[in-house]
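For reference, the structure is listed below as C-alpha cells.
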Amino acid sequence: QVQVVESGGGLVQPGGSLRLSCTASVRFFSLYSLAWYRQAPGKQRELVASITRVDITNYLDSVKGRFTISRDNAKNSVYLQMNNLKPEDTAVYYCNGAQSPIWAWGQGTQVTVSS
C-alpha cells in the first residue's frame, strides 16, 4: 500500500509564499508524471500543476508565474513553490498522478491565504 504525505501548508497573508512537499512510497516514482491538485470548499478538485518524468511542466492559468512545480526522484518527492499567494488559492492541496490517480488520495495539506 502506497503511503503519501503532503506537508507545508499553513496560514499566510496575501502576497506571501509557501512550499508544499509530497513524498510517496511508490515504486518507480521517477517514471510517473505527477501533479498537484487543490480543492476549495464547495468546489471540485482541480489540477494546479503537473510535471512529467522529463521535467516538462504545465500550470493552471491562474497560477502561472506564481507557482513552480519540481521533483526529486531520489527522495520520491514532488514540490510546489507558491509565491504571491492570493485568497483564491485557499484550498486543500494534494499530490497524485497527472493523468490519473496512482495512489489513494492522501489527507492533503491546507493552505489558507487571508489577512
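Observations
- Segment Q13-L31, length gained on full extension (0.36 nm per residue, minus Cα span): 2.9 nm
- Percent accessible area from carbon and sulfur atoms, the chain, protein chains only, probe 1.4 Å: 47
- A simple packing score, the average count of other Cβ atoms within 10 Å per residue, orders the peptides 6-16, 92-102 as 92-102, 6-16, with the highest score first.
- Taken about its Cα centre, the chain carries a charge dipole of roughly 100 debye when the Cβ of each Lys and Arg holds +1 and the Cβ of each Asp and Glu holds -1.
- The chain: most fluctuating residue of S62, S70, S50 per GNM, C-alpha cutoff 10 Å: S62
- Fraction of the pair-distance distribution of the stretch 9-115 above 25 Å, Cα-Cα pairs, percent: 15
- Rounded to 5, the percent of DSSP beta bridges in the chain classed as antiparallel: 90
- Paramagnetic reach from A40 in the stretch 1-29 [backbone N under 20 Å; point 7 Å along Cα→Cβ]: 9-20
- Whole-angstrom gap from the stretch 52-69 to the stretch 2-16, using each part's C-alpha centre: 17
- Full-stretch length increase - K64, V2 - with 0.36 nm per residue and alpha-carbon distance subtracted: 19.3 nm
- Probe 1.4 Å, protein heavy atoms only - accessible area per residue of the chain in square angstrom: 55
The values are calculated or read from the model by the stated rules, or taken from the named source; none is laboratory data. These numbers come from a predicted model, not from an experiment. Because the Cβ atoms are built from the backbone with ideal geometry, glycine has one as well, and the counts that use them run over all protein chains shown. Quick note on the areas: whole protein, heavy atoms, side chains included, nothing else; ligands and nucleic acids left out. Shrake-Rupley method; radii C 1.70, N 1.55, O 1.52, S 1.80 Å.
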